[in-house]
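The values are calculated or read from the model by the stated rules, or taken from the named source; none is laboratory data. On a predicted model such as this, the values are computed, not experimentally measured, just so you know. A quick note on method: Cβ atoms are made from the backbone with ideal geometry, for glycine too, and the neighbour counts reach across all protein chains shown. Areas reflect the complete protein model, heavy atoms only, side chains present, ligands, DNA and RNA absent. Shrake-Rupley method; radii C 1.70, N 1.55, O 1.52, S 1.80 Å.
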Amino acid sequence: MKTNLATWFGSAAAALCLVSTVAPQANAGQMVNGWNYSIQSSGNGSGGAVYDFTGLAIKDTGDSIIVALNTGMSLGGNSYGGTQIGLGDLFFNFTGKDFATANASGSLFGIHFDPTTNSTVSATGVYSGVTAKSVTASHYGYSSINQYFNAGYGKGSVQGDLVTKDGARTYYGNGGSGPIYNVVNTGTKVADVTMLTKDILTANGLDFSTLGAKSPQTLGFQFSKAALGAVFGSYVANIFMECGNDGIAVAGTLAANQPPTTTVPTPSADGAPTPAVPEPAEIGGVALAALILGTMKLKASKRSNTGLKL
């Protein structure tokens, strides 16, 4: 997403107003050991345990983003009726608007991490300026969120941090009557992704089971935070399987990227490099970032609400 912060926020006053509307449909999950968790009950979707998403977690290490999924499906998907049904792609929405609106303007980030998923893009990686499409019709799936709910699915915590059916309808847009967007359609690749094993994720502090997510597959990947450019603040990230049988979303907040400290070559009186004086534009950007982040209620070690509850 090629977003200019000055355009997006407009001014400090507009920025404060925007913060109050970012991710309005999602309740924040749980922050544990640096991981932002969204958990939902197994069996609340259709098709059996293989199509379950029971956990989604995101960790900001400062220079990279790590994403982990707890699910019944492995990479490469599951065969049904001669069709391979995959996990779908992961989307980040920083716009503060519903998914359909952000999608229509090409304002999403998309992560195509499983090369067998039927995205229009072929190379795995992080994509900006993304529009998404639905492949549920060709994967024995649901035509809309409403059809999925009307079939009796979405019990309990509907989609993790999207805890109610009305909340899910509002966030995905069109009152739940539109397509289930689940793979990247168009976008510009801005970074690679590195797949991570369960052991590596565990070593980084991930623990789905203690929060009740106990599906057999734990998958993960990592990408450079720089791929997100200057975008920061509140977000909703979500994923749907290619059939639309289940999906999960997490709401959270990403801290602003910190620009590296620069030095000038001329030493000071004691011989040490003298830090460069920030340019006025840099000062303004840092001040705006501090203002925005200062108005956000960051997650505590247990439950908190960075988003507004429906």
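When Tyr181 is tested against (1) at pLDDT 95 or above; (2) out of contact with any Phe, Trp or Tyr (no Cβ under 6 Å at 6 or more places or on another chain); (3) surrounded by fewer than 23 Cβ atoms within 10 Å (Cβ to Cβ), only condition (3) is not met.
Every residue, every condition in (1) surrounded by fewer than 20 Cβ atoms within 10 Å (Cβ to Cβ); (2) at pLDDT below 95; (3) not hydroxyl-bearing (Ser, Thr, Tyr), yes or no:
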residue: Ile200; (1), (2), (3): yes, no, yes
residue: Ala203; (1), (2), (3): yes, no, yes
residue: Asp207; (1), (2), (3): yes, no, yes
residue: Gln217; (1), (2), (3): yes, no, yes
residue: Gly229; (1), (2), (3): yes, yes, yes
residue: Phe232; (1), (2), (3): yes, yes, yes
residue: Asn238; (1), (2), (3): no, no, yes
residue: Glu242; (1), (2), (3): no, no, yes
residue: Thr261; (1), (2), (3): yes, yes, no
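For Thr54, are the conditions met, namely being out of contact with any helix residue (DSSP H, G or I) (no Cβ under 9 Å at 6 or more places or on another chain), of a type in the set (Ser, Thr, Tyr) and under 27 Å from Ala151 (Cα atoms)? Give the derivation first.
Details: out of contact with any helix residue (DSSP H, G or I) (no Cβ under 9 Å at 6 or more places or on another chain): yes; of a type in the set (Ser, Thr, Tyr): yes; under 27 Å from Ala151 (Cα atoms): yes.
Taking the combined requirement at face value, the residue satisfies it.
Taking Lys133, is it basic (Lys, Arg) and farther than 14 Å from Ala249 by Cβ?
yes
Looking at Tyr153, Tyr148, Tyr140, just one residue is aromatic (Phe, Trp, Tyr), under 15 Å from Gly178 (Cβ atoms) and over 18 Å from the mean Cα position of the chain (by Cα), and that residue is Tyr148.
Considering only residues in the range 97-109 that are without any contact (Cβ under 8 Å) to a residue 40 or more places away in the chain and under 16 Å from the mean Cα position of the chain (by Cα), the one that is nearest to Gly233 (Cα to Cα) turns out to be Lys97. The set of residues in the range 110-136 that are free of Cβ contacts under 8 Å to residues at least 12 places away in the same chain and touching a Ser or Thr at 6+ places or on another chain (Cβ under 7 Å) contains only Pro115.
Every test in (1) more than 30 Å from Ser143 (Cα to Cα); (2) open to solvent by less than 20 Å² (accessible area, probe 1.4 Å); (3) modelled with pLDDT under 50 is passed by Gly307 save one, and that test is (1).
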